[in-house]
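The values are calculated or read from the model by the stated rules, or taken from the named source; none is laboratory data. All of these numbers come straight from a predicted model, not from anything done at the bench. Positions of Cβ are backbone-derived with ideal geometry, glycine not excepted, and every protein chain shown enters the neighbour counts. Only protein heavy atoms, including side chains, enter the accessible area calculation; ligands, DNA and RNA are left aside. Shrake-Rupley method; radii C 1.70, N 1.55, O 1.52, S 1.80 Å.
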Amino acid sequence: MTSETITAAAAGTWQLGDLPVNRLGFGSMRLTHLADGSPSDRERVTGVLRRAVELGVNHIDTAAFYFSPLRSANELINRALAPYAEDLVITTKVGPGRGPDGEWWWAEPGQLRGQVEENLRQLGRDNLDVVNLRVPRRETTGSIAEHFGALADLRTAGLIRHLGISNARPDHLAEARAIAPVVCVQNPYGIGSPAEDHAFLDACGKQGIAFVPFFAIAGAGKEAGATAEDGPEVSALAKAHGVSTAQLRLAWTLSRGPHVLAIPGTGNPDHLVENVAAGSLRLTAEEVALLNAL
């Protein structure tokens with residue numbers, strides 16, 4: 001695979017509302033710190049962001065709570081990419097908050113405007129392309145109507161263009177759609193996910209809603225990143241295609257439907273090129289079925 005010549009357009013496109021994006025995007029969570037928790041190199045990661053855009057990435061996922069003691073993902077994006085290209089779509093999340101000491105808290109509906117305005121300030125934007133409401137605990141959280149309604153009001157006021165939900169269940173999606181249009185669902189998903197997650201992904205496609213997995217590469221490693229525990233089927237298929245297991249996981253993710261977007265994150269310029277190149281890898285129906293069953 002000659003990854004240097006492959007751009008994000010190879011993955012195909014999808015519409016987030018009225019915003020067309022290449023299905024292979026970029027997640028900013030890993031920009032602020034290294035795996036050991038030490039600060040990232042500012043010039044290196046701003047270079048990664050600029051290179052991503054050069055490679056055709058026009059969908060970047062971020063959040064105001066993506067920060068380390070010395071770095072903020074939003075401000076890195078602003079420094080690297082402003083003034084922003086007209087076709088660049090920046091998606092952010094609200095709900096969780098973090099104090100300067102790193103302690104987490106969850107916003108009440110009346111606090112969501114402040115979180116939206118913080119994203120606007122850090123990114124240097126007049127409005128936000130897409131804002132996802134992050135659900136605290138997918139398994140146990142009840143109604144999200146009051147929180148989503150507050151975001152719908154901010155959409156009406158012109159601060160937000162489109163809305164989505166994150167870490168959510170099908171009933172949360174139904175509840176949100178009764179209040180305002182939903183353009184995306186951003187959930188944990190990857191090879192080995194349970195059957196109900198596969199079904200939710202398929203249901204989003206039938207409703208014309210983008211499904212945007214996080215941890216698609218990391219799998220069980222979650223925030224810590226990819227583990228070395230790829231099963232024999234994943235390793236064998238990756239070897240057969242001459243790609244890394246991370247690239248295979250991304251290709252499988254994109255194979256799950258034309259409405260599925262990928263947002264792999266990295267602070268490594270070589271990994272960025274490999275991730276973008278994965279958008280050109282096509283798996284056979286038999287290979288997809290094998291991975292689906294894991």
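Worth pointing out:
- Test: residue in the stretch 134-155 that is outside any loop (DSSP other than H, G, I, E, B), without any contact (Cβ under 8 Å) to a residue 60 or more places away in the chain, of a type in the set (D, E) and out of contact with any strand residue (DSSP E or B) (no Cβ under 7 Å at 6 or more places or on another chain): yes
- Among the residues making up the stretch 259-291, a single one is in contact with a Phe, Trp or Tyr (Cβ under 7 Å, 6 or more places away or on another chain), crowded, with 18+ Cβ neighbours inside 10 Å and farther than 18 Å from V212 by Cα: L291.
- Members of the stretch 71-110 that are open to solvent by less than 40 Å² (accessible area, probe 1.4 Å) and either in contact with a His (Cβ under 6 Å, 6 or more places away or on another chain) or of a type in the set (D, E) (or both): V89, P109
- One residue stands out in the stretch 156-182 among those that are part of a strand (DSSP E or B) and touching a residue at least 60 places away in the same chain (Cβ under 8 Å): the one that is surrounded by the most Cβ atoms within 10 Å (Cβ to Cβ), namely G164.
- L123 falls short on exactly one of the conditions (1) surrounded by 13 or more Cβ atoms within 10 Å (Cβ to Cβ); (2) out of contact with any Asp or Glu (no Cβ under 7 Å at 6 or more places or on another chain); (3) free of Cβ contacts under 8 Å to residues at least 60 places away in the same chain, and that condition is (3).
- Candidate set: the stretch 1-54, residues that are among the β-branched types (V, I, T) and out of contact with any strand residue (DSSP E or B) (no Cβ under 9 Å at 6 or more places or on another chain); chosen: the one farthest from I165 (Cα to Cα): T2
- Candidates D126, D87, D101 - the one that is under 22 Å from A262 (Cβ atoms) and not in a helix (DSSP H, G or I): D87
- Qualifying positions in the stretch 36-57 - in contact (Cβ under 8 Å) with a residue 40 or more places away in the chain, touching a Ser or Thr at 6+ places or on another chain (Cβ under 9 Å) and either closer than 10 Å to G267 by Cα or surrounded by fewer than 15 Cβ atoms within 10 Å (Cβ to Cβ) (or both): S40, V45, V48
Here is a yes/no grid of residues against (1) at pLDDT 95 or above; (2) not hydroxyl-bearing (S, T, Y):
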site	(1), (2)
N167	yes, yes
H172	yes, yes
P188	yes, yes
Q207	yes, yes
A224	no, yes
T227	no, no
L237	yes, yes
G242	yes, yes
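- In the stretch 54-84, residue nearest to Q186 (Cα to Cα) [restricted to those that are in a strand (DSSP E or B) and in contact with a Gly (Cβ under 6 Å, 6 or more places away or on another chain)]: D61
- Residue count for the stretch 26-39, restricted to those that are modelled with pLDDT of 95 or more and among the hydroxyl-bearing types (S, T, Y): 2.
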